[in-house]
Amino acid sequence: MTEAVSMMDAQNATDTLKRVLIIDDSPMIVELIRSVVTLNGSYAALVAYDGVAGLELFYRERPDCVIVDVKMPRMDGYQVVRCIRGDNASANTPLIILSALNEEADHLTGLLSGVDEYLAKPFKPSTLRETLERVMSITPEERTHRIEHLAATEFGDESEIVDDDDLNESI
C-alpha cells in the first residue's frame, strides 16, 4: 500500500508541474531539451516530432510553454507559432524557437511570427533554462506590448509611410 501511495504522490507532483511541449524532429535534440526542462523536477515535458503532431498535442494538452524547432516535416515552427498566437485561447502561451537557422532574417521571422525568444542551436543548457524561466514570467500585457513595439519598430508608424504622390513630388 505504501508503494501505491508513493506512486500516487509522484503522479500528483507531476500533475502540478508546469508542462513544456518540445517540438523537434531530432530525437537526440528532444532528449537534450527534455533533460534541461525536467532538471530538478521543475517542469514536465511533452514531446512531438513534427509540427502537425506538435499542434495536435498542444490543443489536446494545453501546455504552459512550447519550445519548437523551425525546420520540421509537415509544418514548420513559424507556422506552429502563428497558429498558437492566432487563437485567442492560446495567444499568451510562452513560445521559444530553438533552431539551427541563425541568420538575422530567421530571428526576425520568428519574432514577427509571435515567438517570445529565438535561440540558436547549438545552445547552452543554462541559456535555455534561463530563457524558459524568463518567457514563463512574461505577462499577457508585456507580451502584447512587446509584439506591438516590434511591429512598430520594424514597419514604422503610419506617419513614416510614403505614398505614391509623395514619391512623385520628390522626383
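Specify whether the C-alpha gyration tensor of the range 19-127 places it in the rounded, prolate or oblate class, a ≥ b ≥ c being the square roots of the eigenvalues: rounded for a/c under 1.5, otherwise prolate if a/b is larger than b/c and oblate if not.
Rounded, since a/c falls under 1.5.
Amide H to amide H distances under 5 Å link L119 with I97, L98, S99, where only residues 5 or more positions off or on other chains count and H is placed in the peptide plane. Exposure proxy for E117, E31: other Cβ atoms within 10 Å of each Cβ, ordered fewest to most, give E31, E117. Taking other C-beta atoms within 10 Å as the exposure proxy, E104, E133 rank E104, E133 from fewest upward. Straight-distance candidates among the lysines for linking to K71, with alpha-carbon spacing under 18 Å and chain neighbours fewer than 8 residues away dropped: K121. Using the Karplus relation 6.51 cos²θ - 1.76 cosθ + 1.60 with θ = phi - 60°, the per-residue 3J(HN,Hα) values for the range 65-72 come to 7, 10, 10, 9, 7, 8, 8, 9 Hz, with x marking Gly and Pro.
Phi angles of the range 98-113 translate, via the Karplus equation with coefficients 6.51, -1.76, 1.60 and θ = phi - 60°, into HN-Hα couplings of 10, 9, 6, 6, 10, 7, 4, 4, 5, 4, 4, 4, x, 5, 6, 6 Hz per residue; Gly and Pro are given as x.
Every number in this text was worked out from the coordinates using simple rules, so none of it is lab data. Being a predicted model, the structure only gives us computed values, none of them experimental. Neighbour counts are summed over all protein chains in view; Cβ atoms, including those assigned to glycine, are modelled from backbone coordinates with ideal geometry.
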